[in-house]
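Input: a single structure, listed below in structure tokens.
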């Protein structure tokens, strides 16, 4: 049976609303016994936070079936430098993921500076991050998204926040989240699955489908989010399949 790596925003939810077919597909996944995770580039929330937010919107997904760019970032650091020290700018989701990976959060000579998304602009933290990077700390960011969705409309996301530090230091961060295929590789490891056993489902050609193709994984584009059917021809690559809504997918 296939394992499913499912983008969250644009496939299951849009702002504060559940997309048609979402509940039906999750129910069928659970009944089939297939391995699956809902994947998000948003690093702000913990698995339990997102579980609750989805439940309020009418979708019941176990916390362990949710995977974020914060978790992928923490996993990457732990694999590269076990027990590393990190100076982090971000919300609870990033802080918890770093702690859970056995990493040390500090302001003193950290191995890495990690930037996620934050709702609080703390100038002193940004200034310290820039000084630490100039002094030799390695620069990572959870995801390259410049804007993200919210109930109030779009908001500046990690890519926009990182720009301030990048311009001040002249150092480009290494982005972990989609479209970096590392995010998909990290998700596969979390699922204990392999590329030949998996399917990536998403609503964006430039992130979801791109990262799936670069990971050698079958892809399905869902037309409930960013990419519309007429947009597909603008890209030099194609998804394996295209469906109108996620519940149109037959579980294999």
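Take every Cα pair under 8 Å whose residues are at least 6 apart in sequence, average their separation, divide by the length of the chain, and the relative contact order is 21 percent.
Determine, for each peptide in 188-197, 107-116, the mean count of other beta carbons within 10 angstrom over its residues, then list the peptides with the highest first. Present the calculation step by step, with values, prior to reporting the outcome.
On the way: 188-197: 14.8, 107-116: 21.2.
Descending packing order for the listed peptides: 107-116, 188-197.
Name the most mobile residue of 123, 174, 45, meaning the one with the largest mean-square fluctuation, in a Gaussian network model of the chain with Cα contacts below 10 Å. Of 123, 174, 45, the most mobile in the Gaussian network model is 123. Comparing 103, 221, 128 in a Gaussian network model of the chain, where Cα atoms under 10 Å apart are tied by springs, the biggest mean-square fluctuation is seen for 128. Once a ≥ b ≥ c are taken as the square roots of the eigenvalues of the Cα gyration tensor of segment 110-252, is the result rounded (a/c under 1.5), prolate (a/b larger than b/c) or oblate (a/b not larger than b/c)? Verdict is prolate for segment 110-252. Note on residue 174 and residue 241: the model spin-label points, each 7 Å out from Cα along the C-beta direction, lie 3.6 nm apart.
Please pull out the direction-averaged projected area of segment 7-95, using the convex hull of its alpha-carbon atoms, in nm² to one decimal place. Walk me through the numbers on the way to the answer.
On the way: hull surface 25.6 nm².
One quarter of the hull surface, i.e. the mean projection, equals 6.4 nm².
For segment 1-135, the relative contact order comes to 21 percent (Cα pairs under 8 Å, sequence separation of at least 6). Once C-alpha pairs closer than 8 Å and six or more residues apart are averaged by separation and normalised to the residue number of segment 70-175, the relative contact order reads 23 percent. Here is the tail figure for segment 70-175: Cα pairs spaced more than 21 Å apart come to 28 percent of all pairs. Considering only 106, 73, 40, give the residue with the highest GNM mean-square fluctuation for the chain, with springs between Cα atoms whenever their separation is below 10 Å. The residue that fluctuates most here is 106.
What FRET efficiency comes out for residue 155 versus residue 108 if R0 is 51 angstrom and r is the Cβ-Cβ distance? Round to the nearest 0.05. Numbers along the way, then the final one.
Details: r = 31 Å, r/R0 = 0.62.
Computed FRET efficiency for residue 155 and residue 108 comes out at 0.95.
Take the Cα of residue 122, step 7 Å toward its Cβ, do the same at residue 99, and the gap between the two points is 1.4 nm. Using 0.36 nm per residue and subtracting the Cα-Cα separation, the extra length available between residue 24 and residue 64 on full extension is 12.5 nm.
Bear in mind these aren't lab numbers, they're just calculated from the coordinates by the rules spelled out. None of these values were measured; they are calculated from a predicted model. Please note: Cβ atoms are built from the backbone with ideal geometry, for glycine as well, and neighbour counts cover all protein chains shown.
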